[in-house]
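This report concerns only the one structure given below.
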Amino acid sequence: MAELTELTSAVAAGKRVDTIRITQELLAAGHSPQLIVEQGLVPGMAIVGDQFKRNEIFVPEMLIAARAMKEALKLLEPLLVAAGIKPKYTVIIGTVQGDLHDIGKNLVSMMWRGSGFAVVDLGTNVSPERYLAAAQEHKAHLVGLSALLTTTMPAMKETVRVLKAASLPNLKVVVGGAPITQQFADEIGADGYAADAGTAVELATRLLESAA
Ligand code: B1M
């Protein structure tokens, strides 16, 4: 029977076919999609990040690992997303300007969908003006910003400033991503910070229910 650690190794090595096969085997063995993501796939990307930092691998290897992870997430998404819930809240999500990382953002997006929110995903490299236009167009209740690079944290700050300056009624702004902390979120005036996709669900639910 496949082990979660095998999945971690397959993703870290960028082995797409093995990653898909092991994900399918773990599902068939009764592991929950959340467990597969949190204890199988995400640790694989952490290994890749450490290897990149030590110059043991380079951008192409990182990209190949990311592709393997995305293929597994494609399999898991329908299982993570609950069917048939009529959305009560509309939320916008995107990765901030200058930043192309989207795996963490996609996970948060999936978990929000799975929690019954209508999610408008703007993708990556999203300018402050695009977030604002989307929030206005969709009459959003909450906007989520993701950033993975220290160099794009200023873009996150600017996006929060632009969204807050527009004074849209009851709009909450939440932030997350590897370099982001609660302290940074407080400094830039965000309404909340979540360290991972699971916490992002709790955070959004708490903020939206308390504003309702
Ligand atoms: Co990039 N990269 N990368 N990269 N990359 C990091 C982030 C890095 C830490 C690697 C390293 O040096 N160890 C480093 C940043 C260093 C820094 O800023 N201090 C780095 C670098 C330097 C770069 C480039 C500059 C490399 C280069 O070109 N020389 C370049 C930048 C491109 C750009 O964006 N302009 C680059 C490119 C890439 C790839 C394209 C090759 C690829 C991205 C593919 C893709 O996303 N489609 C890539 C990858 C894969 C990584 C690592 C290895 C993995 C990221 C990932 O997907 N993690 C990463 C190292 C690492 O993180 N350990 C690295 C898994 C994912 C599930 O976690 O995204 O953190 P994460 O999301 C979590 C939480 O953070 C949180 O929940 C998620 C799930 O629990 N979260 C939120 C995220 N968003 C949230 C939003 C919320 C709430 C929670 O509310 C809205």
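Laboratory data are not the source of any read-out in this text; all were calculated from the coordinates shown. In this text the structure is predicted, and so the values were computed from the model without any measurement. Backbone-built Cβ (ideal geometry, glycine too); neighbour counts: all protein chains shown.
Some observations on this one:
- Residues Arg21, Arg206 arranged by fewest to most Cβ contacts within 10 Å: Arg206, Arg21
- Amide H within-cut-off set for His138, under 5 Å, with H built and near neighbours excluded: none
- Straightening the chain between Lys53 and Glu137 buys 26.2 nm, computed as 0.36 nm per residue apart minus the Cα-Cα spacing.
- Eligible lysines near Lys74 by straight Cα distance, threshold 28 Å, same-chain separation 8 or greater: Lys15, Lys53, Lys86, Lys88, Lys105
- Inter-part distance where region 123-175 and region 1-65 are each reduced to a Cα centre, Å: 31 Å
- Shape class of region 90-211 from the Cα gyration tensor (axes a ≥ b ≥ c, square roots of the eigenvalues): rounded, since a/c falls below 1.5.
- Cα gyration tensor shape of the chain, rounded if a/c is under 1.5, else prolate or oblate by comparing a/b with b/c: oblate
- This ranking places Ile93, Ile64 by how few other beta-carbon atoms lie within 10 Å of each, fewest first, which gives Ile64, Ile93.
- Rounded if a/c under 1.5, otherwise prolate or oblate - region 121-164, Cα gyration tensor axes: prolate
- Long-range HN-HN contacts of Thr124 with modeled amide H, under 5 Å: Thr95
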